[in-house]
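The values are calculated or read from the model by the stated rules, or taken from the named source; none is laboratory data. Owing to the predicted nature of the structure, the values given are computational and were not obtained by experimental measurement. Here the Cβ positions follow ideal geometry from the backbone for every residue, glycine too, while neighbour counts run over all protein chains shown. All accessible areas refer to the heavy atoms of the entire protein, side chains included, with ligands and DNA or RNA removed. Shrake-Rupley method; radii C 1.70, N 1.55, O 1.52, S 1.80 Å.
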Number of protein chains: 2
Amino acid sequence: MQQLPLTISEEWKGFMHLFKEEKYAAKKILLREGEVSKKAFYILKGCIRLWFNNDGKDVTFQFFFEDEGVSSVESFKTGQPSLFNIETIEPSVILSISKKVFFHILDSSPIIKNSIEETYFKRMIFYQKLFLSRIKDNPKKRYEDLLEHYPQILQRVPQHYIASYLGITPVSLSRIRNRN
Amino acid sequence: MQQLPLTISEEWKGFMHLFKEEKYAAKKILLREGEVSKKAFYILKGCIRLWFNNDGKDVTFQFFFEDEGVSSVESFKTGQPSLFNIETIEPSVILSISKKVFFHILDSSPIIKNSIEETYFKRMIFYQKLFLSRIKDNPKKRYEDLLEHYPQILQRVPQHYIASYLGITPVSLSRIRNRN
DNA sequence: CTGATTTCTTAACAATTGTTATCGTTTTTA
DNA sequence: TAAAAACGATAACAATTGTTAAGAAATCAG
């Protein structure tokens, strides 16, 4: 969906053996809010959400599906505690890589290093656009955009997560859906 | 405020003669939405807002003040049309630099190149946080955060720009302010 | 200095969303 | 498979925000 995959380019293939394949049940937390990220992930099968605790309320703010890279980027890179949880929604098959190995790959391949930096840049633009959609659109419009551009999300993700993602309550989302 | 300055480190000083100092009146557009960015800016005095036209409505989404770098990053870097306008709010004194010279500096100084890439990374985190505040907080809370963390904005920027930035109408902002 | 514009407030009403609670239905788990 | 938990729809009412309009105050421009 709105996520930029960790491109498995030709270049990456030479390093694939350094990834570890892991299977997780649904609702498994891969990284807990407040902890320091030690691994980055790549989804082979399944889906994941990012969420954090906001005064006792579970706030979901991003979804990831097959062939997308997921991590708490700033925690993974800088060693700060993660601001959010990374949690499976469905049972999932994940490739994981340690910090040490990841940065070793970056050092040994300028091509990959470059592509990762490009990824930071693109992700910045992505978040800028997400932020803009919050400013310009009301919840109903944001729901319709989601319906138009990422219908798969609505089919795979429980509705109250989506409500949270849209910035409204589950009740309000249910109303919007049944208002034609 | 919430912007990451283009750090004028020691390293930068050797290149300062390549910048051009320009003076602008209030409400001057430095880059128009839809045009390709040819210059990046650094504010010596004054302030600037970023805004775009949304169905005829003027939507402001970021403010910049003294000692901050401003540009339509993705347009400046990739040559795509800018998604927004860059406009002075007050009469301003600006350092400007052309694309050609800017990237020449990046090529001649690995230190600066590195710091710019670091800037992309930090700006990504910045936009991520902005986006999160849209999800977790209601307009009133966002106004109070602004009041607490960036009181200078409220003193220097017209209120309807701030309302737009907070994602509400000027009328609603006026009500929030006068509701104690 | 004066008329025009911009900026902010307030009012009245409509529309939307939040809150709380209830009730089937589906899914999970022991 | 049976009990428990999760999920989604709906209702009733409160609170918030949007819309439109009018008017006062401040600022700008000639």
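Please list, or write none, the lysines whose alpha carbon is within less than 21 Å of the alpha carbon of B:Lys45, excluding same-chain residues fewer than 8 places away.
Within the straight-line cut-off, B:Lys45 pairs with B:Lys13, B:Lys20, B:Lys23, B:Lys27, B:Lys28.
Return the average number of partner chain Cβ atoms within 10 angstrom of each residue Cβ along peptide B:130-141. Write down the numbers at each step before the final one.
Values: counts 7, 11, 11, 2, 7, 13, 8, 2, 1, 0, 0, 0.
Mean inter-chain Cβ contacts per residue within 10 Å come to 5.
Taking H placed 1.01 Å from N in the peptide plane, check which residues at least 5 places from B:Glu90 or on another chain put their amide H under 5 Å from its amide H.
B:Lys27, B:Cys47
222 nm [θ] for chain A, helices only, -39500 (n - 2.57) per DSSP H run of 4+, per residue, to 500?
Values: 8 runs with 80 residues, N = 180.
Calculated from helices alone, the mean residue ellipticity at 222 nm is -13000 deg cm²/dmol.
To the nearest 20 Debye, how big is the dipole of the stretch B:41-180 about its Cα centre, given +1 on the beta carbon of each Lys and Arg and -1 on that of each Asp and Glu?
Numbers: 19 positive and 15 negative charges, 86 e Å.
In debye, rounded to 20, the stretch B:41-180 gives about 420.
To the nearest Å, what is the center-to-center distance of the stretch A:53-83 and the stretch A:95-146, using C-alpha atoms only?
So the two Cα centres are separated by 12 Å.
Report, by chain and number, residues whose modeled amide H sits under 5 Å from the one on B:Ser82, excluding near sequence neighbours (fewer than 5 apart, same chain).
The answer is B:Gly34, B:Glu35, B:Val36, B:Ser37.
Using each residue's phi in the stretch B:169-177, evaluate 6.51 cos²θ - 1.76 cosθ + 1.60 at θ = phi - 60° and report the 3J(HN,Hα) Karplus result to the nearest Hz, with x for Gly and Pro.
Coupling constants for the stretch B:169-177: 7, x, 4, 5, 5, 4, 5, 4, 5 Hz.
Hey, what do the phi angles of the stretch B:145-157 turn into as Karplus ³J(HN,Hα) couplings, whole Hz, using 6.51/-1.76/1.60 and θ = phi - 60°, x for Gly and Pro?
My calculation for the stretch B:145-157 gives 4, 4, 4, 6, 8, 9, x, 4, 4, 5, 7, 9, 10 Hz in order.
Rank A:Phe19, A:Ser115, A:Leu166 by how far each Cα sits towards the positive end of the charge dipole of chain A (+1 on Lys, Arg Cβ; -1 on Asp, Glu Cβ) and give me just the farthest.
A:Leu166
Total accessible area buried between chains B and A, 1.4 Å probe, in Å² to the nearest 100? Display every interim value, and only then the final one.
Numbers: alone 10270 and 10270 Å², together 17600 Å².
For chain B against chain A, roughly 2900 Å² becomes buried.
Residues of A:116-122, mean number of Cβ from any other protein chain within 10 Å of their own Cβ, rounded to a whole number? Don't jump to the answer; show the numbers that get you there.
On the way: counts 0, 3, 1, 1, 8, 9, 4.
The per-residue average across the peptide is 4.
Across the stretch A:107-121, in residue order, what do the Karplus-derived ³J(HN,Hα) couplings come to in whole Hz, using 6.51 cos²θ - 1.76 cosθ + 1.60 with θ = phi - 60° and x for Gly and Pro?
Values, residue by residue: 6, 8, 9, x, 4, 5, 4, 5, 5, 5, 5, 4, 5, 4, 4 Hz.
Defining the label point at 7 Å along Cα→Cβ, can you sort the distances from B:Asn138 to the same site in each other copy, shortest first, in nm?
The answer, with the shortest distance listed first, is 1.7 nm.
Taking A:His17 in one copy and the same position in all the others, each labelled 7 Å out along Cα→Cβ, what are the pairwise distances from the first, in nm, shortest first?
Nearest first, the other copies' label points are 5.5 nm away.
Label-point separation (nm) for B:Asp107 and A:Glu144, each offset 7 Å from Cα along Cα-to-Cβ?
Result: 4.8 nm between the two label points.
With no solvent and one equal point scatterer placed on each C-alpha of the protein assembly as shown, evaluate the Debye formula and give log10 I(q)/I(0) for q = 0.06, 0.12, 0.14 Å⁻¹, two decimals.
For the protein assembly as shown, the Cα-only Debye profile gives -0.25, -1.01, -1.32.
To the nearest 20 Debye, how big is the dipole of the protein assembly as shown about its Cα centre, given +1 on the beta carbon of each Lys and Arg and -1 on that of each Asp and Glu?
Details: 54 positive and 42 negative charges, 191 e Å.
Computed charge dipole of the protein assembly as shown: roughly 920 debye.
Which shape class applies to the stretch B:10-109: rounded if a/c is under 1.5, otherwise prolate when a/b exceeds b/c and oblate if not, where a ≥ b ≥ c are the square roots of the Cα gyration tensor eigenvalues? Walk me through the numbers on the way to the answer.
Numbers: a/c = 2.44, a/b = 1.41, b/c = 1.74.
Oblate, because a/c is 1.5 or more while a/b does not exceed b/c.
Can you list the GluC sites (Glu not before Pro) in the stretch B:44-137 that are in a DSSP coil and have 14 or fewer other beta carbons within 10 angstrom? Write out the running numbers ahead of the final one.
Details: sites: B:Glu66, B:Glu68, B:Glu74, B:Glu87, B:Glu117, B:Glu118; in loops: B:Glu66, B:Glu68.
The qualifying sites are B:Glu66.
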